[in-house]
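Scroll down for the structure; my scribbles are underneath it.
The values are calculated or read from the model by the stated rules, or taken from the named source; none is laboratory data. Since this is a predicted model, take the numbers as computed values, not measurements. Cβ placement follows ideal geometry from the backbone for every residue including glycine, while neighbour counts extend to all protein chains displayed. Just the protein is used for accessible areas: all its heavy atoms, side chains included, with ligands, DNA and RNA removed. Shrake-Rupley method; radii C 1.70, N 1.55, O 1.52, S 1.80 Å.
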Amino acid sequence: MDPQEGVTKALSHRDFSFWRTFENFCNLRIQTMTERDVMEFDVVIVGGGPSGMATAIHLKNLIERHNAEVEKTGQGEPIPGEVVLIEKAAEIGAHSISGAVMDPKGLDALIPDWRTMEPKAPVEAEVHDDYAIWLTENGGFKFPVTPPPLKNHGNFVISLNKMVKWLGGIAEQKGIQVFPGFPGAKLVREGDRVTGVQLQDAGVDKHGEQKGSFQAGGILAGKIVVLAEGSRGSMTKQLISDLKLEGQNPQVYGIGVKEVWEVPAGQCAPGLVVHTMGYPLDSQTFGGGWVYGMGQTEGGKNLVSIGLVVGLDYKDPTMDAHRQLQRMKLNPKIAAFLKGGKMLHYGAKSLPEGGLYSMPRNYGDGFVIVGDSAGLMNSMRLKGIHLAMRSGMLAAETAFQCLKKGDTSANATKEYWERMKNDWVHEELWQCRNFHQGFHKGRLMGLLNGGFAQFFGGKGFLFADNIKSPAGHTFMKTLGSYFKGKGKPKQEKLAQDGTLTFDKLTSVYSSGTMHEEDQPCHLVVTQPDLCSTRCVEEFGNPCQHFCPAAVYEMEEKPGTRHGVDLKINASNCVHCKTCDIMDPYQVINWVTPEGGGGPNYTNL
Ligand SMILES: Cc1cc2nc3c(=O)[nH]c(=O)nc-3n(C[C@H](O)[C@H](O)[C@H](O)COP(=O)(O)OP(=O)(O)OC[C@H]3O[C@@H](n4cnc5c(N)ncnc54)[C@H](O)[C@@H]3O)c2cc1C
């Protein structure tokens, strides 16, 4: 595509700030019809999570240091270093969700004095106690020793929303243009070279017609684009497919569902970290749960984080992670933590679980990919924040060198991967490179494999350097084959008492999710006929189950083959991307909705 297509004028980043202020305060929209304004930057960062923020902060630090040196010595050229970061959430942090126990390694590298600086880094509590429980349906037992990957002494319980917001403040202080409410819709390319990001149009109605408030999304042209979109990034997905950047294995994902509770004092000490295995998942399904003691809010509330991750390579077409979390809370060992408490917040998000061999090529002409978008998650430890931050720093160092040399070709951006290979990021991922794949032969084999890997350089019980595995959705069985000999698919009744357990709509309400209703559906089903025909027969419309936010519903429709048709409640979408990942026919494409739509996470 010609990046200049339909362009009438090029604006600088200063015009961009003006443009936004102008819109916000005068409540006017600039009518550009299909013309797209172009704003030029050195580096465009897409995504305001830990990886994007770390990229921005570290890059600015490097540029400041370099320019000061040039001024002092009179040698070399200063680097202008215009950096912009866009985020689809209305506010920085509003789409950030994590467990979250943070290994401080990443933050120590990025901001070495974070423990003492003002404003204070928002950590909830330092981990003082950790253990693991094996859950059965009505109880469970504590492991005599905590498995090494689940040891968390020295780590911190945090809220990722708060941490990311704090980082955003630092980035802004450094002069980075941070723009929440601006989703990147598509990458602008010249052949294989990424030259910028086209922002999502605003003011388009549900039929695709321009409303009075229409505003064509501008183009942010960048010498380098840093893709920090998190798990299953929509533009990253397209780029990986277009440029064939896939790793040796396809990426496999998990879905994490989480609640934050206020509980009576003393019921779950701040800094307590509990991991669970076993119930409610069966032995063929990867996953596990957690309970983390978060600490007290300013208003004196004692908060607890509780959640469950389910591998998105399960077999049961009726698997429902939200429901499994409700079942987990009914277990007396878990219910004890929540007794007398109140659920405050809910959220859900996918996470990349495939490890090192599922990582795509993370560099190319004019771009690098960081954090979860690049598959940098340690699934054995359920940790990615430190890796996301460190990868952002490595990307920043690469971008800085590229700007200095005036070379942003793939030859130059490859330095990012070279830096990573010599960094602790790679070392950590190497040790757990087969962890998730080991579970494809069942839970016992997975645990044995993971245990052995601790002592045999990541090779594990299966003694394979790389356990090959297909994409996660291919593991889902048809209703007929999954329930063969098990009777008709049925789900036992759950209390859903509104106190300990909740239905999906109540949960969605607790996520603060909102979208402009009159806009094109951002869940694009490319073959809608499949839903009311083959999918009813083969899989029983698993989207109704795997979506943790009740977006997909089969409503009665007389005259169709099975009397039902798909209804998409797009405004419920919490942006977890599970549908894009787990649909058995791969016909759901998640694209960014109009800016600012989505969940409004706090304390998650
Ligand atoms: C349930 C759950 C529990 C977890 N628990 C832990 C834990 O305890 N400890 C730990 O270390 N890690 C944990 N992780 C993993 C950790 O949260 C991630 O590894 C980390 O957040 C990745 O950071 P990131 O910046 O790469 O992506 P993200 O944090 O996902 O940030 C990406 C940002 O990009 C924005 N974005 C996406 N697309 C666009 C677009 N097109 N335009 C503009 N903006 C866009 C998103 O809104 C988001 O704000 C957990 C993850 C989940 C889901």
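Could you grab me the full set of residues in the stretch 469-516 that are closer than 27 Å to Gln586 by Cβ and of a type in the set (A, V, I, L, M, F, W, C)?
Ala471, Phe475, Met476, Leu479, Phe483, Val508
I need the full set of residues from the stretch 357-393 which are away from the ligand (no atom under 13 Å from the Cβ) and open to solvent by less than 20 Å² (accessible area, probe 1.4 Å), in order please.
If the condition is that a residue be away from the ligand (no atom under 13 Å from the Cβ) and open to solvent by less than 20 Å² (accessible area, probe 1.4 Å), then Ser358, Pro360, Gly364, Gly366, Phe367 are the ones that fit.
Each row is one residue, and each column tells you yes or no for (1) within 21 Å of His575 (Cβ to Cβ); (2) within 19 Å of the chain's Cα centre (by Cα).
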site: Glu246; (1), (2): no, yes
site: Gln251; (1), (2): yes, yes
site: Ile255; (1), (2): yes, yes
site: Lys258; (1), (2): yes, yes
site: Ser283; (1), (2): no, no
site: Gly295; (1), (2): no, no
site: Gly299; (1), (2): no, no
site: Leu308; (1), (2): yes, yes
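Is it fair to say Gln401 is more than 30 Å from Ser507 (Cα to Cα), away from the ligand (no atom under 16 Å from the Cβ), more than 23 Å from the chain's Cα centre (by Cα) and not small (Gly, Ala, Ser)?
So Gln401 passes the test.
Could you give every pair whose Cβ atoms fall below 9 Å, whose first residue belongs to the stretch 43-71 and is assigned to a helix (DSSP H, G or I), and whose second residue is near the ligand (Cβ under 10 Å from one of its atoms) and of a type in the set (Ser, Thr, Tyr), counting only separations of at least 6 or pairs across chains?
Every condition considered, the pairs that remain are Pro50/Ser96; Pro50/Ser98; Ser51/Ser373; Ser51/Ser391; Ala54/Ser391; Thr55/Ser391.
Based on what the data block shows, is Gly175 within 25 Å of Arg327 (Cα to Cα) and touching a Lys or Arg at 6+ places or on another chain (Cβ under 7 Å)?
So Gly175 fails the test.
Under the condition of being within 16 Å of the ligand (Cβ to nearest atom) and assigned to a strand (DSSP E or B), which residue from the stretch 136-167 is farthest from the chain's Cα centre (by Cα)?
Result: Phe156.
Quick one: what pairs do we get from the stretch 506-528, first residue on the phi > 0 side of the Ramachandran plot and open to solvent by less than 50 Å² (accessible area, probe 1.4 Å), second part of a loop (DSSP other than H, G, I, E, B) and not basic (Lys, Arg), C-beta under 9 Å, 6+ apart or different chains?
Gly512/Ala94; Gly512/Pro599; Gly512/Asn600; Gly512/Tyr601; Gly512/Thr602
For Leu338, which of the numbered conditions (1) away from the ligand (no atom under 16 Å from the Cβ); (2) open to solvent by less than 10 Å² (accessible area, probe 1.4 Å); (3) within 24 Å of Cys547 (Cα to Cα); (4) hydrophobic (A, V, I, L, M, F, W, C) fails to hold?
It is condition (3) that Leu338 fails.
Would you confirm whether any residue within the stretch 282-295 is surrounded by 24 or more Cβ atoms within 10 Å (Cβ to Cβ) and assigned to a loop (DSSP other than H, G, I, E, B)?
Checked against the condition, which is being surrounded by 24 or more Cβ atoms within 10 Å (Cβ to Cβ) and assigned to a loop (DSSP other than H, G, I, E, B), the stretch 282-295 yields at least one hit.
Scan the stretch 82-102 for residues that are assigned to a strand (DSSP E or B) and near the ligand (Cβ under 8 Å from one of its atoms) and jot them down.
Once the filter is applied, which keeps residues that are assigned to a strand (DSSP E or B) and near the ligand (Cβ under 8 Å from one of its atoms), the stretch 82-102 yields Ile86, Glu87, Ala89, Val101, Met102.
Please find, among Ile133, Ile79, the residue that is surrounded by 14 or more Cβ atoms within 10 Å (Cβ to Cβ) and assigned to a loop (DSSP other than H, G, I, E, B).
Ile79
Going by the conditions given, is Tyr253 more than 14 Å from Gly347 (Cα to Cα) and near the ligand (Cβ under 10 Å from one of its atoms)?
Yes, satisfied.
Which residues, taken from the stretch 574-599, are assigned to a loop (DSSP other than H, G, I, E, B) and over 20 Å from Asp372 (Cα atoms)?
Answer for the stretch 574-599, where residues must be assigned to a loop (DSSP other than H, G, I, E, B) and over 20 Å from Asp372 (Cα atoms): Asp583, Pro584, Tyr585, Gln586, Val587, Pro593, Glu594, Gly595, Gly597.
Looking only at residues that are in a strand (DSSP E or B) and either within 16 Å of the ligand (Cβ to nearest atom) or among the hydrophobic types (A, V, I, L, M, F, W, C) (or both) in the stretch 193-214, which one is nearest to Pro183 (Cα to Cα)?
Leu199
I'd like to check something: does the stretch 308-325 contain any residue that is surrounded by fewer than 24 Cβ atoms within 10 Å (Cβ to Cβ), out of contact with any Asp or Glu (no Cβ under 9 Å at 6 or more places or on another chain) and over 30 Å from Pro250 (Cβ atoms)?
no
Could you list, ordered by first residue, the pairs with Cβ atoms under 6 Å in which the first is in the stretch 371-395 and at positive phi and the second is open to solvent by 10 Å² or more (accessible area, probe 1.4 Å) and more than 8 Å from the ligand (Cβ to nearest atom), at least 6 apart or interchain?
Partner pairs satisfying both residue conditions: Gly375/Gln251; Gly375/Met359.
Return the residues of the stretch 530-566 that are among the small types (Gly, Ala, Ser), open to solvent by less than 20 Å² (accessible area, probe 1.4 Å) and either part of a strand (DSSP E or B) or within 21 Å of Glu517 (Cα to Cα) (or both); say none if nothing qualifies.
Ala549
Quickly run through the stretch 230-251 and pick out the residues that are part of a loop (DSSP other than H, G, I, E, B) and open to solvent by 40 Å² or more (accessible area, probe 1.4 Å).
Scanning the stretch 230-251 gives Arg232, Lys244, Glu246, Gln248, Pro250.
Which one of Phe400, Phe435, Phe452 is over 25 Å from Lys237 (Cβ atoms) and at pLDDT below 95?
Among Phe400, Phe435, Phe452, only Phe452 is over 25 Å from Lys237 (Cβ atoms) and at pLDDT below 95.
Would you please list the contacts, defined by Cβ atoms under 6 Å and residues six or more apart or on different chains, that run from a residue in the stretch 337-348 that is more than 14 Å from Met294 (Cβ to Cβ) to a residue that is among the hydroxyl-bearing types (Ser, Thr, Tyr) and part of a helix (DSSP H, G or I)?
Hits for this filter: Tyr346/Ser507; Tyr346/Ser510.
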